[in-house]
Ligand SMILES: [Zn+2]
Ligand SMILES: [Zn+2]
């Protein structure tokens, strides 16, 4: 879900300001505009979503039983301990996914090897190798956030979801439903992350709550959740957990969504623009320039003009799905070799 959309447009009404802070003047007008565009998007999905998912579900049909059988085995194995099943799906699996992916990335960050991955680094002169003191501090904070904030919030989410029904039912949701729910979660995340993140850049809040995350002007994967506790709750967790709570989703969909969100934010921060993976240029640029590219998908940044400098940058030219093995820092270098 990390693929930022790339639409040609030339709005240049972004806020001024620098150093990671901005004024909120005119924000309400922008919010109204955003509500209109998002509302139109929902209408469009409602009109054409059915035919799209009908084709996908035909493709899925053959393997549908496979997933249901797998789920039934897991469901039986937990013997009715639904809380345990919920925590397994929403804590254990996503945490394992996060650390599994980040362990691989940390090898490259700390050793610069293998060089066939390191050569895809976005900010070539940074983290080569990463500062061990800074890294230890980040790892400590990420672990504390995970254990003492994410953990209790997932427990609260379970109790909240149990009020309206069992989130760990014996039957998997249909493919159609899971897909629609994931689309809804993405929409909620984009809106909540964009506005809460932009609020944290307000002069009154930035220094105290958000500056910590921006200590990394060249981020690495694991600093995705390196943040002040309040920012971790409002910007990292709430935008992701609220969608499944609203819809009363099945734990399998919630598990998939948490994993997608964690993989997506790790890639956005990883600092390597690797082939066949979503482009991390957008959020990397946010860390580099502070007052650009606040959102996840880039939709609201386009709408509010908070990507105007990004769209005039080399990073924007590189903000594509890389489909060759040549690193973009070579095919689109910072300073052209020839002026002609
Ligand atoms: Zn970040
Ligand atoms: Zn920020």
Item to check | Matching residues, region 134-149, being more than 16 Å from residue 230 (Cα to Cα) and surrounded by fewer than 15 Cβ atoms within 10 Å (Cβ to Cβ) | outcome: 136, 137, 140
Next on the checklist: So in region 196-215, with the set limited to residues that are surrounded by 21 or more Cβ atoms within 10 Å (Cβ to Cβ) and in contact (Cβ under 8 Å) with a residue 60 or more places away in the chain, which one is nearest to residue 264 (Cα to Cα)?
Outcome noted: 197
Checklist outcome for this item: Taking region 96-113 and keeping residues surrounded by fewer than 19 Cβ atoms within 10 Å (Cβ to Cβ) and within 15 Å of the chain's Cα centre (by Cα) leaves 97, 101
Checklist entry - Considering only residues of region 285-298 that are touching a helix residue (DSSP H, G or I) at 6+ places or on another chain (Cβ under 7 Å) and part of a helix (DSSP H, G or I), which is farthest from residue 196 (Cα to Cα)? => result 285
Checklist entry - part of a helix (DSSP H, G or I), within 14 Å of ligand 2 (Cβ to nearest atom), touching a residue at least 24 places away in the same chain (Cβ under 8 Å) and within 30 Å of residue 71 (Cα to Cα), is that true of residue 253? => result no
Next on the checklist: Just to be sure before I move on: is residue 102 under 25 Å from residue 294 (Cβ atoms), assigned to a helix (DSSP H, G or I) and in contact (Cβ under 8 Å) with a residue 24 or more places away in the chain in the structure I sent?
Outcome noted: yes
Next on the checklist: Take residue 278 and tell me if it is surrounded by 24 or more Cβ atoms within 10 Å (Cβ to Cβ), at negative phi and either in contact with a helix residue (DSSP H, G or I) (Cβ under 8 Å, 6 or more places away or on another chain) or in a loop (DSSP other than H, G, I, E, B) (or both).
Outcome noted: no
Checklist entry - If a residue has to be more than 17 Å from the chain's Cα centre (by Cα), within 16 Å of ligand 2 (Cβ to nearest atom) and not in a loop (DSSP other than H, G, I, E, B) to count, how many in region 299-314 make the cut? => result 2
Checklist outcome for this item: All-but-one check, residue 230 against (1) over 26 Å from residue 91 (Cβ atoms); (2) away from ligand 1 (no atom under 12 Å from the Cβ), failing number (1)
Checklist entry - Somewhere in region 240-249, is a residue within 16 Å of ligand 1 (Cβ to nearest atom), touching a helix residue (DSSP H, G or I) at 6+ places or on another chain (Cβ under 9 Å), in contact (Cβ under 8 Å) with a residue 40 or more places away in the chain and assigned to a helix (DSSP H, G or I)? => result yes
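The numbers here are math on the coordinates, done by the rules we state, and not lab data. If you're wondering where the values come from, they're calculated on a predicted model, not measured in any experiment. Using ideal geometry, Cβ is built from the backbone for each residue, glycine included, and neighbour counts are taken over all protein chains shown.
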